[in-house]
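Enquirer: Take this structure first; my questions come after.
Rule-based calculations on the coordinates, nothing more; no lab input. As the structure is a computational prediction, the values presented were derived from the model and not from experiment. Glycine gets a Cβ as well: all are built from the backbone with ideal geometry, and neighbour counts include every protein chain shown.
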Amino acid sequence: MLKFLPLGGGNDIGASSYLVQINRFNFLLDAGLRPRSFKNTPKYIKMFELIEDWSQIDAVFISHPHLDHVGSLPKVFEANPKVPIFVPEQSLPLIEVQIYGSLTYQKRIKKYAEDYLGVEYSIDLVSNCLSNIKEIAYNKLTKIKKTNVTFEFWPAGHILGSASIFIKTRKGSLVYTGDVSTHERPSIPDLSYPSRKVDLLIMESTYLSSNHEISPQEGFDQLYLKVKDITEKGNHVLIPSFALGKAQDIIKMFIERNKAEDNPVPIYLDGLVKKITRIYSKVLGESLFFSLKDGSCNFISGIHNDVNEYKKFLERHPGIAIISSSGMLLDGSKSARWAEAILPYEGNGLFFTGYLDEESPGAKLLKCVSEKVISLNGEIIPLNAHIDRFYISTHSSASELANLVEMVKPKAVVLVHGNNPAQKIAEFQQACERKINRKLPIIKSINEEMIELGEMFE
């Protein structure tokens, strides 16, 4: 008998954590949080309330270092210090940066959000948790001590250190995709799945309902033309970006495109983007990423919280593009500060490139362009800059997810990490069944609702 309980990230995006029980073996897939600064922030403690006895959790598997998948790891460790925590190779330094970075951000954000319900860790707790993590190489079949369970991490093509997780017991096998990208990526190795018998596929569905089927390169080409047009006139562009993964893709694409241009776009980096880009460069090397010493991008330093400092920097550096976190313009973030300095002026641009939670400041900005004002960092900001959104995805589209189902050929699919309408799921199911030429049960997971799959794991 297999029981699957989404504790978060089932029929939504954020705080991904799934309790899986296969007979007597209990484990968690991911342990995330929502590091947000706006209303409807969930009480993260809820995921711990749903597990009565932490000592019975046999293992924790992490798919990748994004905060919505790893942010609650210290709390998991605090509840069960003996539980083994397995992460993919190359992910540990990024997990460390993400969690320590969230501590800094959460302290800062309380200034702007009275309703903020965050997760607070001590430095000692984080340090002890990180020292307990076991980094496992890709494609290495690993046995968990005192069990008959084996697992394997497969490159997922999402970000550096991302993996899909293959878990095999005597009763059956499953694959959890984590966040997955099947298209070619500019900054990391592509997805790679070996041939394995798989009973259950637990699959992300971020863009299962999306009609955006353009490639990341096509999305970037559209972005580049807009950015170049603005910067050549001496104006400024802000590209808010997720610090890990999305930013490095965009940076790499700018650098490659700039090589072919007589007047390349000057690129400046700020926020957590800087530290993570340095990690990418160190781990991947110049042959796979790029050199940080050749001046192809610039690191901003010495600017603090006063918006006037940001404005003075822009006056000294006309015609530049800034890539900074957060990608959703969360209050208190570096990108929100740059937005304060850039949005009031006609001729400037602010361009989003990825997912925006509907309650995020970024999504609200897109909705209120006609109103000509927005509240950011507790201030009312005039909107005179050009605002747009370009799709440069690090997730798979609906058709790519169907191709993944065809590759894996599971007996059943459970959808997570997305709230897709029944009609879209039915269309997706039909597409998958055409590809594998048989019926395929596809189940939409709902937070805090148990899914039981008996026949496959008896």
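Enquirer: Please sort 196-203, 344-351, 323-330, 175-182 by packing, taking for each peptide the average over its residues of neighbouring beta carbons within 10 angstrom, highest first. Write down the numbers at each step before the final one.
Expert: Details: 196-203: 21.0, 344-351: 17.5, 323-330: 27.2, 175-182: 25.4.
Top to bottom by mean Cβ count within 10 Å: 323-330, 175-182, 196-203, 344-351.
Enquirer: Measuring from the lowest to the highest alpha carbon on each principal axis, how far does the range 216-389 reach, largest first, in angstroms?
Expert: Sorted from largest, the Cα extents of the range 216-389 read 46, 32, 30 Å.
Enquirer: Using only Cα atoms, find the angle between the long axis of helix 398-408 and the longest principal axis of the chain, and express it within 0 to 90 degrees, rounded to the nearest 10.
Expert: 30 degrees
Enquirer: Using the C-alpha atoms of the chain, what convex hull volume per residue, in cubic angstrom, is computed?
Expert: Numbers: hull volume 63.9 nm³, N = 458.
Once divided by residue count, the hull of the chain is 140 Å³.
Enquirer: In sequence order, what are the phi-derived ³J(HN,Hα) couplings for the range 358-372 according to the Karplus relation 6.51 cos²θ - 1.76 cosθ + 1.60 with θ = phi - 60°, rounded to whole Hz, with x for glycine and proline?
Expert: These are the phi-based 3J(HN,Hα) values: 4, 9, 6, x, x, 5, 5, 4, 4, 7, 10, 4, 5, 7, 6 Hz.
Enquirer: Right, another one. Run through the DSSP bridge list for the chain and note the antiparallel percent, rounded to the nearest 5.
Expert: Bridges in the chain that DSSP calls antiparallel: roughly 45 percent.
Enquirer: Using alpha carbons only, what's the Rg to Rh ratio of the range 329-458 with Rh from Kirkwood?
Expert: 1.16
Enquirer: Another question, if that's okay. Need the list of aspartates and glutamates near residue 439 for cross-linking: C-alpha distance under 17 angstrom, and skip anything on the same chain fewer than eight residues off.
Expert: Correct list for residue 439: 199, 406, 427, 455.
Enquirer: Compute the acute angle (0 to 90°) between the alpha-carbon long axis of helix 272-288 and the principal axis of greatest extent of the alpha-carbon atoms of the chain; round to the nearest 10°.
Expert: Here the helix axis deviates by roughly 70 degrees.
Enquirer: Quote the charge dipole size of the chain about the Cα centre in Debye, to the nearest 20; the model charges only the Cβ of Lys and Arg (+1) and of Asp and Glu (-1). Provide the component values of the computation, followed by the final result.
Expert: Working: 53 positive and 54 negative charges, 184 e Å.
Rounded to the nearest 20 debye, it is 880 debye.
Enquirer: Okay, next question. Using +1 at the Cβ of each Lys and Arg and -1 at the Cβ of each Asp and Glu in the chain, identify which of 335, 54, 188 lies farthest towards the dipole's positive end.
Expert: Working it through, the farthest residue towards the positive pole turns out to be 54.
Enquirer: Would you mind working out the magnitude of the charge dipole of the range 216-389 relative to its Cα centre, with +1 at each Lys and Arg C-beta and -1 at each Asp and Glu C-beta, to the nearest 20 Debye?
Expert: 420 debye
Enquirer: So, one more: Once the cut-off is 21 Å, how many percent of the Cα-Cα pairs in the range 354-427 end up in the long-distance tail?
Expert: Result for the distance tail: 49 percent.
Enquirer: Something else now. Rounding to the nearest 10 and keeping the result within 0 to 90°, find how far the Cα-based axis of helix 307-316 lies from the longest principal axis of the chain.
Expert: Around 60 degrees separate the two axes.
Enquirer: Between beta-carbons, use under 13 Å as the cut-off and find the net charge around residue 88, counting Lys and Arg +1, Asp and Glu -1.
Expert: Here the count lands on -3.
Enquirer: Place +1 on the Cβ of every Lys and Arg and -1 on the Cβ of every Asp and Glu in the range 216-389, take the dipole about the Cα centre, and give the residue among 284, 240, 381 whose Cα lies farthest towards its positive end.
Expert: Result: 284, furthest along the dipole toward the positive end.
Enquirer: Something else: From the cross-link list 82/411; 228/252; 134/409; 134/411; 226/312; 275/334, which pairs have alpha carbons spaced over 22 Å apart?
Expert: 82/411; 134/409; 134/411; 226/312
Enquirer: So, one more: Do the sum for the chain: with -39,500 (n - 2.57) for every DSSP H run of n ≥ 4, divided by all residues, what is the mean residue ellipticity at 222 nm, to the nearest 500 deg cm²/dmol?
Expert: That comes out to -9500 deg cm²/dmol.
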